[in-house]
Every structure is written in C-alpha cells, then in structure tokens.
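The values are calculated or read from the model by the stated rules, or taken from the named source; none is laboratory data. Worth saying up front: this structure is predicted, and the values here are computed from it rather than measured. Backbone-built Cβ (ideal geometry, glycine too); neighbour counts: all protein chains shown. Side chains included, ligands, DNA and RNA excluded: accessible areas come from the protein's heavy atoms. Shrake-Rupley method; radii C 1.70, N 1.55, O 1.52, S 1.80 Å.
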Amino acid sequence: MMKEQIDKIKKTAKEEIENVQTIKDLNDLKVKYLGKKGELTLILRQMGNLSSEERPIIGSLVNEVRDTIENRIKEKEEELEQEKIKEKMAKEKIDITIPSKKTVLGSCHPITQIINEVEDIFLGMGYEIADGPEVETCFYNFDQLNAPEDHPSRDLQDTFYITDKVILRTQTSPVQARVMENKKPPIKIICPGTVYRSDTIDATHSPVFHQVEGLVVDKNISMSDLKGTLEMFAKKCLGENTKIRFRPHHFPFTEPSAEVDVSCFVCGGKGCRVCKDEGWIELLGCGMVHPNVLKNCNIDPKEYSGFAFGFGVERIAMAKFGIDDLRLLYENDVRFLKQF
Ligand code: DAH
C-alpha cells in the first residue's frame, strides 16, 4: 500500500518537475515534496504503523525517492537558469550591422582655421606661440610700445576702458613687450588673439576682432629679414604666386614702419571686385622694433635689433574665403559656417 503511494509520489513529482516553467514554481514543488509538511515527510510519519520488517524497506525507498526528487529539482533548476541566461542574451543581443544614428560633426570656425594655418606656417619657420591677457594695462598696450599720452588710439572713442589704467587690449602688440621683458633674445614669436576697439559694427568693422602679432629680436636683424619672412608667409598663406609690396607708414613702436600689400590672389593683380580694381590688398603693419621699445623692455638696442608685424585675421579669412560681410563671421549661423 505504502509502496504504491511512494511510487505514485515519485511519478507525479517527476512529471510536475518536468513541466515546471519558473524557478518560483519549482521552489513550490520543493516544499510540496521535500518540505517539513511535504508528502514524503508525511509518509515517514506514518512509519510507526509498519511492521519491523517493512520499516527499513519503506525507509530506504523513501530515501531513494527523496534523492531522486532532489536531483531532478537540482537539474531542473540549472536548466531554468540556463534558459533565463539564454533569453537574456537573446534580448540584449547587439546587432552591429545596424547603421548608426547620424552624429552631427561640427567644424572649425573660419577664423580658427586661419589662425591654425598661420600658426602652422610660423611654427614651420621656428617661431613659438605666445599668449597675453585680453584685459590689459595701458602700460603694456600703450606706454611700453612708445605710444605717447596724446596718441589717438588712447582716446575714449577708440578704446574700451575698464578703469583709467586698464583696458580691453586694442591690439596684440602688448604681448611683444610682455615677451621681451621675460625672455632674453633670440626671440621669435607669434601671438594670435582677440582685440577690442570701440568701433561701430558694419561690413568691415567689428568692436571685437582677431589679430596675429609677430616679433623677432636677435643680433643683426634687418629689414631684409622682415621682407623675406613676410614674403614667405604671404606665399604660403595666399599662394605661391603672391607678391608683396611695402608702403611707408607710421606706428609708434616701429621705426621705420611700413604697411604691406599683397598682390590680389583672386585676379593676380589685374584688378577685380575683391581688390576693388587695385590689384593689391592691404595685409598688415610692420617695421623694425623702435629702440625705445627695446629699451623699455631692458634690451640693449645697440646690441640687438628686431622686427615686428601685426595683421587682422578676419581680413585674411574674408579674402581667402570670399566673404564680403564681416558680420557673417560672428552670427554663428550653421548654414553659413558649414560652407568652410
Ligand atoms: N598693432 C598694429 C595695429 O593694431 C599692427 C601692427 C603694426 C603690429 C606694426 C606690429 C607692427 O607689430 O610692427 O594696427
């Protein structure tokens, strides 16, 4: 009787375990068959009613069935775990053949492009890149550069004053003085940077714009070094056929001073819209560093000489990219910027 009961338990347990779908249901079966109130335990409780011959036989049968059920449950448990992992892996599978979402890549602003290009050209000629503050003292922006008290660029109309003695720099030239004060010749630097002037905005003027300053100080530096350097720069930046010409000019911090024009790289000098029919485009200011400036920075003008130059980045960007309104460069309209 009892044996049949046990066999039945074994049979239904096996079936139920086989059909179970979840770990939770399996745990319920574990309790149902093996738990303290489980079916096999109940049988063991009834063993008292058995004869002493029957008892060990039934006892070992119960143990055997118990082991079998336990093993089946363990096997099933592993099976379910594996299935769960497989399911999870299938769900999380990454299809690396699906095309990715389009990422929008920005591009370098035309002004940054020109600055990068200019830096490359001068680094190639052995220059270092220098830097200086945009909020500058009048001392460096004017006095150290031999710009006298009555120089027009010191006027309130031309310059953003922060205090009587502190301004937004009107030019990158103060970096010349800062470098010379801190470094013994030989000096060979360029300094790209932002400058500020109290100008009204129009197609060719902006109160904020960019310049690149250049300075070379060493023994025996002459005007021909300046000419050779600028010619090299113009050819590399604007094209191998570019010619340059010097026109006398005045800057307080150079003597002699000159303005440099380049042959129009659009028409080659014949005259066109870009050069306003002149064949030449004004490029920069330059000259031999004034002895007073060298002296101000504790460099002996009898031993050393130097040249300096400065140009506007926007002007080059506009000419090179054929942009006819400076304001476009600052509006940050992606439709415009995308073109360069
Ligand atoms: N700082 C001048 C300007 O803003 C440009 C310039 C002219 C710079 C002559 C120089 C130079 O270094 O030698 O107009």
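In whole percent, and with a 1.4 Å probe on the protein chains, what portion of the accessible area of the chain is carbon and sulfur? Carbon-and-sulfur percentage of accessible area, whole number: 52. Spacing of the modelled spin labels on N19 and L44, each 7 Å from Cα toward Cβ, amounts to 2.8 nm.
One Cα centroid belongs to region 1-43, the other to region 204-242; the line between them spans 94 Å. Entry comment: accessible area of region 110-337 is 49 Å² per residue, from protein heavy atoms only and a probe of 1.4 Å. Between amide H atoms placed 1.01 Å from N, distances below 5 Å from A130 occur with I190, C191, all of them 5 or more places distant or on a separate chain. For a 20 Å ceiling on Cα separation, which of these pairs sit above it: K188/K243; K11/K76; K183/K235? Beyond 20 Å: K188/K243; K183/K235.
For a straight C-alpha distance cut-off of 12 angstrom, the aspartates and glutamates reachable from K302 (same-chain residues fewer than eight places away being disregarded) are D218. Under the simplified labelling scheme, the T204-E231 pair shows an inter-label distance of 2.8 nm, with each label point 7 Å from Cα along Cα→Cβ.
When the C-alpha to C-alpha distance is required to be over 18 Å, the pairs from K184/K219; K236/K276; K3/K30 that qualify are K236/K276; K3/K30. Reported to the nearest whole Å, the Cα centre-to-centre distance from region 117-187 to region 286-325 is 10. Packing, as the average of other Cβ atoms within 10 Å across residues, places the peptides 156-168, 65-77 in the order 65-77, 156-168, highest first. Gyration tensor analysis over the Cα atoms of region 110-337 returns equivalent ellipsoid semi-axes of 27, 23, 16 Å (largest first, whole Å).
Here the dipole of the chain is about 1100 debye; that uses its Cα centre as origin and unit charges on the Cβ of Lys and Arg (positive) and Asp and Glu (negative). In the chain, the calculated helix contribution to ellipticity at 222 nm averages -12500 deg cm²/dmol per residue, counting -39,500 (n - 2.57) for every DSSP H run with n ≥ 4. In this structure, the pairs whose alpha-carbon distance is over 19 Å, taken from K24/K74; K14/K88; K8/K32; K10/K84, are K14/K88; K10/K84. If R0 equals 30 Å, the separation of the Cβ atoms of L123 and R327 corresponds to a calculated FRET efficiency of about 0.45.
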